[in-house]
1. Between S78, S92, which is small (G, A, S), within 17 Å of the chain's Cα centre (by Cα) and over 17 Å from L240 (Cβ atoms)?
2. Going through the range 231-258 one residue at a time, which ones are under 17 Å from I165 (Cα atoms) and under 18 Å from the mean Cα position of the chain (by Cα)?
3. Among the candidates E39, E50, E70, which residue alone is part of a loop (DSSP other than H, G, I, E, B) and within 17 Å of the chain's Cα centre (by Cα)?
4. Looking at the range 104-185, what strands (runs of 3 or more DSSP E) fall wholly within it and have at least 2 residues that are free of Cβ contacts under 8 Å to residues at least 40 places away in the same chain?
5. Limited to the range 100-133, what total is found for residues that are in contact with a Phe, Trp or Tyr (Cβ under 6 Å, 6 or more places away or on another chain) and among the aromatic types (F, W, Y)?
6. Residue under question is F161, and the condition is that it be in the same structural domain as S243 (by TED's automatic domain parsing), under 25 Å from D237 (Cβ atoms) and either touching a Ser or Thr at 6+ places or on another chain (Cβ under 9 Å) or polar (S, T, N, Q) (or both); does it hold?
7. Which of (1) without any contact (Cβ under 8 Å) to a residue 60 or more places away in the chain; (2) surrounded by fewer than 23 Cβ atoms within 10 Å (Cβ to Cβ) does L240 not meet, given it meets every other one?
8. Output the number of the condition that N258 fails; it satisfies all remaining conditions of (1) surrounded by fewer than 16 Cβ atoms within 10 Å (Cβ to Cβ); (2) modelled with pLDDT of 95 or more; (3) assigned to a loop (DSSP other than H, G, I, E, B).
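The values are calculated or read from the model by the stated rules, or taken from the named source; none is laboratory data. Just so we're clear, the structure is a prediction, and the values are computed from it rather than from any experiment. Neighbour counts run over all protein chains shown; Cβ positions are idealised from the backbone, glycine included.
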Amino acid sequence: MSIKIDEFVDFANMLADSATATSMKYFRKNLDVENKDDESPVTVADKETEEIIRNKIRNNFPNHGILGEEYENENLDSEFIWVIDPIDGTRSFIAGHKDFGNLISLLHNNEPIIGIINCPAHKERWIGIKDKKTTCNGKKVLTSGVNKIENAYLFSSGIFFYEPIFRKGFEILKEKSKYYRLGGDCYMYGMLSSGLIDIVVEDTLKAHDYMALINVIEGAGGKITDKFGKSVNLQSDGSLIASSCDELHDKIIKIINN
């Protein structure tokens, strides 16, 4: 890759360090909680974490674009775009649950090249780099390789399957899978990358929710697409299927679209 990938990885790690410091400063503290227009909660931790990340990007790479959750997008016609979810799992964060995380990704010509799932309360950080092996806390990780639904552990946020065909397919997956659990926020994608679970299914996501996941999942040997099996990009419909391998993924997609 001809771009300055090592420099960008170091910078992304520095952003994750800043996100850790800011979000943990407020974790398990009494916080005022606001509801946004879509009824999702937001706190000072979300806003301050994103502000700090944005300022660092502006100061170091003023020509880069920024797509975040809490503030207006900037320079989205740029060659490079940073995509930020300052606190993925704000409801968990508010409740003092550790599965929240900071999601940071870098796109080059709209293709993801770096993704970080940073889970500061668990002290775990997954780093995915295009065409390289995913690491967690500096050690390479691999998905489980489980290729049968009946042997798979399925996770999901589970409460936002509004489209009837998708909901029906998901219910079938629940019945066929070996184990099933609701909840996990971005931490469940880290667990999938480390081979601890095998399938994650979600819907109604936005770009800041999923762009950082792509390089992490793929670099660990997994597969990640929308519900139709198509590659995920900034314009995707918000559905997301992540699994341990291609063979398992194909079976999931067939069930969901049956």
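1. S92
2. Selection gives D237, G238, S239, L240, I241.
3. On the way: E39 fails: within 17 Å of the chain's Cα centre (by Cα); E50 fails: part of a loop (DSSP other than H, G, I, E, B).
Result of the check over E39, E50, E70: E70.
4. 179-182
5. 1
6. Numbers: in the same structural domain as S243 (by TED's automatic domain parsing): yes; under 25 Å from D237 (Cβ atoms): yes; either touching a Ser or Thr at 6+ places or on another chain (Cβ under 9 Å) or polar (S, T, N, Q) (or both): yes.
Here the answer is yes, as F161 does meet what is asked.
7. (2)
8. That leaves (2) as the condition not met.
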